[in-house]
Amino acid sequence: MDLVATPLLPEGYTVPASRNEDPSRRLRRLLASKPYVFGPGVYDPLGAELVMYHGFDAVYFSGYSFAIGHLGTTDMDLYSSVEIADGARRTVAALRKFQLTMAMGDPEKNAAPVHLEIPPVVVDMDAGYGNLFNVQRTTDLYVRAGIAAAHIGTRSCPSAAATSPARP
């Protein structure tokens, strides 16, 4: 792992060079170099930090898990693209902060720095949240949030997740 200095940390501390790599480019590089890229599903920043800490390749930000974790209900389109994009944005921001925190270690406790790669985040886009313009808007929100990739389903609204009892 290549390490580089960053103006976000005191002199002498470093972070993985991949911090400065575009998330989608990083995901494509991982896909080209491995037979598979494993990304456990999460619904919040803490779950993503655990995935990162344990060295997984990617993070999957699940719409179903987000609905259960934040709204207490199944994935029935009760949330919007803006809510999912904001949750994903907070998750990416938390991963970037967590990387800096771990790169510092804990000098008071003589804990050495730990250099963690920021895993690319893949986000569920349901069925696109409406028409073509909604898909464009959601894509723009995801890109601005620092998302590496998204997947879009073909089912009509409301969608029934694979783990939902409502699935036909």
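The values are calculated or read from the model by the stated rules, or taken from the named source; none is laboratory data. What you see is a predicted model; the values in this text were computed from it and never measured. Cβ: placed from backbone, ideal geometry, glycine included. Neighbour counts: every protein chain shown.
Numbers below:
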item: Neighbours by Cβ (under 6 Å, 6+ apart or cross-chain): first from segment 2-31, farther than 15 Å from Ala103 by Cα; second of a type in the set (D, E, K, R) and part of a loop (DSSP other than H, G, I, E, B); result: Leu30/Asp57
item: Single condition Met52 does not satisfy, out of (1) under 11 Å from the mean Cα position of the chain (by Cα); (2) in a loop (DSSP other than H, G, I, E, B); result: (2)
item: Among the residues listed as Ser18, Ser33, Ser80, Ser24, the single one being polar (S, T, N, Q) and closer than 14 Å to Ile147 by Cα; result: Ser24
item: Test: Ala17 is farther than 26 Å from Ile84 by Cβ, hydrophobic (A, V, I, L, M, F, W, C) and at pLDDT 95 or above; result: no
item: Residues of segment 95-134 classified as under 18 Å from Ala149 (Cα atoms), under 16 Å from the mean Cα position of the chain (by Cα) and assigned to a helix (DSSP H, G or I), total; result: 2
item: Matching residues, segment 85-135, being within 24 Å of Arg26 (Cβ to Cβ), of a type outside the set (Asp, Glu) and modelled with pLDDT under 90; result: Met125
item: Failed criterion for Ser24 (all others in (1) modelled with pLDDT of 95 or more; (2) farther than 29 Å from Thr138 by Cβ; (3) not charged (D, E, K, R) hold); result: (2)
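Here is a yes/no grid of residues against (1) polar (S, T, N, Q); (2) in contact with a Ser or Thr (Cβ under 6 Å, 6 or more places away or on another chain); (3) surrounded by 16 or more Cβ atoms within 10 Å (Cβ to Cβ):
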{"residue": "Pro40", "(1), (2), (3)": "no, no, yes"}
{"residue": "Tyr43", "(1), (2), (3)": "no, yes, yes"}
{"residue": "Gly47", "(1), (2), (3)": "no, no, yes"}
{"residue": "Tyr53", "(1), (2), (3)": "no, no, no"}
{"residue": "Asp57", "(1), (2), (3)": "no, no, yes"}
{"residue": "Tyr60", "(1), (2), (3)": "no, no, yes"}
{"residue": "Ser65", "(1), (2), (3)": "yes, no, yes"}
{"residue": "Ala94", "(1), (2), (3)": "no, no, yes"}
{"residue": "Phe98", "(1), (2), (3)": "no, no, yes"}
